[in-house]
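Worksheet for the structure shown next.
The values are calculated or read from the model by the stated rules, or taken from the named source; none is laboratory data. As the structure is a computational prediction, the values presented were derived from the model and not from experiment. When we count neighbours, we look across all protein chains shown, and the Cβ atoms used for this are built from the backbone with ideal geometry, even at glycine. Accessible surface is based on the protein model in full, side chains and every heavy atom, while ligands, DNA and RNA are left aside. Shrake-Rupley method; radii C 1.70, N 1.55, O 1.52, S 1.80 Å.
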Amino acid sequence: MTPEHDGHLGAWLNARLPVRQFLVSFLAERIPGGARWAYVFGSICLALLAVQFVTGAAIALFYVPAPNAALASISYLSSQVAFGRLVLGIHHWSANIFVGVILVHVAQTFLYGAYKRPRELVWLSGVMLLLLIQGFHFTGFVLPWDQKGYWATEVGTSIMQTAPLVGDLLMRVVRGGADLGALTLSHFYAVHVLVLPAAVVLFAGFHLVSMRWAGPAGTWRKSSAAAEEKGFFPHQVFKDAVAVMLLLLLIVGLAAFDYAPPAYVADPTDTSVVPRPEWNFLFLFQLQHYFPGSLEWVGTMVVPGMLVGILLAVPFLDRGSERHPRRRLGMIIGGAAIGLTVAALTVLAVASDPAAWAYATRPVVRTGARLYADNACASCHRVRGEGGLSGPDLSFIGQKRDLDWLRTYVRDPDSLNPSAVMPPQKGLSDREIRAIATYLHSLR
Ligand code: HEC
């Protein structure tokens with residue numbers, strides 16, 4: 001962007017806005033140690049935020065925030081509108097991958113000691129952004145008003161009740177009443193599409209401005225003059241762009257081939273549902289188990305509050321100028337201990353549910369679940385509150401039947417039960433039948 005490149009439009013604009021000064025200073029940023037693939041995660045977060053805004057706006061054009069219409073509006077978007085299912089799938093996958101990318105970004109900033117003076121405000125606004133993204137998940141899950149989202153939110157909001165003194169009031173305010181209903185949807189929708197996006201834009205702007213003002217931290221090592229030459233533009237911009245493109249391809253692929261929109265409307269009277277929060281809240285769900293009875297609020301309020309407090313305090317606990325991880329061993333060990341505890345609680349929560357564990361760890365079970373969905377088994381059978389009722393509930397079928405029995409029955413019910421109503425599955429290969437049977441066998 002030298003003056004010679006300015007056309008008429010450039011000159012016109014420049015007389016009215018400091019466009020050239022902005023671009024020159026924006027692109028000329030130096031990175032201590034030079035551009036690296038390791039620095040792409042912040043830009044990926046920004047790109048995913050844009051993806052969520054665009055797909056979210058598209059979904060909002062069709063979504064109706066009312067219990068009797070929400071799921072129908074999502075189904076309509078998914079099945080009748082061109083690219084509707086793809087847009088929903090991208091919003092879903094990008095939201096989940098977003099949390100993972102933020103965690104990597106936070107862990108890396110921590111390892112590099114990049115929160116140190118003068119970057120404390122960059123870290124603080126980053127922690128706020130992490131909490132806001134969790135807020136998007138918490139408010140977004142109930143919006144389709146389907147079984148999973150309804151029950152996860154029922155559990156999630158009932159946790160608020162455990163707060164001392166104000167718990168009941170808090171829960172009623174959030175739900176808009178004693179139970180989940182039309183006002184819950186209005187509340188969660190308004191927060192999801194108005195309050196949180198405004199807050200995210202504010203904090204993301206603050207994050208970027210404070211980061212650029214202090215400059216990137218770069219590596220903790222002394223760098224060579226040659227490496228220093230590789231600054232933000234074009235070197236880091238190129239790496240960021242490649243990483244963003246690859247991740248977007250992955251997200252579109254997952255949305256196209258591994259996404260099913262929510263299909264079963266919430267049934268508040270269904271007692272067969274085993275409510276479970278989303279994966280990124282599972283550690284809190286697990287934590288509750290260790291604080292029974294009157295201590296419950298320690299697990300639901302005190303420990304999570306302390307976790308946020310520690311995160312916010314990081315730049316003020318570790319104040320020396322030393323950034324090399326080996327010379328900040330206390331911090332690194334403390335951080336790793338907290339990170340591993342959260343990961344372990346998540347694994348324990350998944351492992352406490354045999355079906356969820358099998359689903360998470362055995363590919364053949366996932367294949368079977370997909371084939372089960374593709375072959376309309378759910379139109380007659382219910383699994384954990386999802387599916388039709390004309391056949392028996394299969395939520396715990398693995399406790400009742402063995403694998404061979406299930407294989408035989410799914411292929412040809414008549415061979416085991418001459419009066420069977422269920423249609424035989426002649427079109428499926430042996431391997432597909434085995435995958436479905438393995439999936440059913442894991443339900444216990
Ligand atoms: C048209 C409705 C319908 C569809 C579609 C259907 N089933 Fe069934 N299924 C039934 C009914 C009804 C029964 C009860 C026994 C009978 O009449 O066959 C049953 C029984 C079963 C049983 C035995 C349960 C037990 O404890 O005895 C299994 C396992 C099963 N179905 C699996 C499947 C799978 C897997 C699919 C998809 C490939 C499927 N069903 C599709 C209606 C259906």
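At a glance:
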{"quantity": "Accessible surface of TYR112 - all protein chains present, 1.4 Å probe, nearest 10 Å²", "calculated": "40"}
{"quantity": "ILE310-GLU29 FRET efficiency (beta carbon distance; Förster radius 30 Å; 0.05 resolution)", "calculated": "0.45"}
{"quantity": "Protein accessible area in the chain, 1.4 Å probe - carbon and sulfur %", "calculated": "69"}
{"quantity": "Order of exposure, largest accessible area first, which applies to ARG20, ARG327, ARG382, ARG434 with probe 1.4 Å", "calculated": "ARG327, ARG434, ARG20, ARG382"}
{"quantity": "Principal axis box of the range 217-326, alpha-carbon based, largest edge first, Å", "calculated": "67, 44, 18"}
{"quantity": "Top of SER429, SER395, SER158 by mean-square fluctuation, Gaussian network on the chain, Cα under 10 Å", "calculated": "SER429"}
{"quantity": "Spatially proximal lysines relative to LYS239 (Cα-Cα < 23 Å; intrachain offsets below 8 disregarded)", "calculated": "LYS222, LYS230"}
{"quantity": "Computed lengthening from GLN108 to ALA69, 0.36 nm per intervening residue step minus Cα-Cα distance", "calculated": "9.7 nm"}
{"quantity": "Selected from ALA226, ALA152, ALA198 as most flexible by GNM, with the chain as the system and alpha-carbon contacts under 10 Å", "calculated": "ALA226"}
{"quantity": "Cubic angstrom per residue, convex hull over Cα atoms of the range 8-167", "calculated": "223"}
{"quantity": "Solvent-accessible ranking of ARG326, ARG384, largest area first, probe 1.4 Å", "calculated": "ARG326, ARG384"}
{"quantity": "21 Å tail of the calculated P(r), the range 355-442, as % of Cα pairs", "calculated": "21"}
{"quantity": "Cα-Cα pairs of the range 1-62 separated by more than 14 Å (percent)", "calculated": "73"}
{"quantity": "Largest to smallest principal axis extent of the C-alpha atoms in the chain, angstrom", "calculated": "84, 58, 43"}
{"quantity": "Accessible area per residue in Å² at 1.4 Å probe, computed on the range 31-352", "calculated": "51"}
{"quantity": "Stokes-Einstein D (µm²/s) once Rh is taken as the Kirkwood radius of the range 101-179 over alpha-carbon pairs, at 20 °C in 1.002 mPa s", "calculated": "144"}
{"quantity": "Modelled FRET efficiency - R0 22 Å, THR269 with LEU183, Cβ distances, 0.05 increments", "calculated": "0.70"}
{"quantity": "Pairwise label distance in nanometres, ARG16 with MET245, each label 7 Å out on the Cα-Cβ vector", "calculated": "3.3"}
{"quantity": "Within the chain: Cβ-based charge dipole about Cα centre, in debye rounded to nearest 20 (Lys, Arg +1; Asp, Glu -1)", "calculated": "1320"}
{"quantity": "Computed helical MRE - 222 nm, the chain, DSSP H runs ≥ 4 contributing -39500 (n - 2.57), nearest 500", "calculated": "-18500 deg cm²/dmol"}
{"quantity": "Helical segments meeting 27 Å axial Cα length and Kyte-Doolittle 1.0 threshold in the chain (DSSP H)", "calculated": "41-60, 84-111, 120-140, 237-257, 329-351"}
{"quantity": "Efficiency of FRET between HIS8 and SER224 - r from beta-carbon atoms, R0 51 angstrom, step 0.05", "calculated": "0.75"}
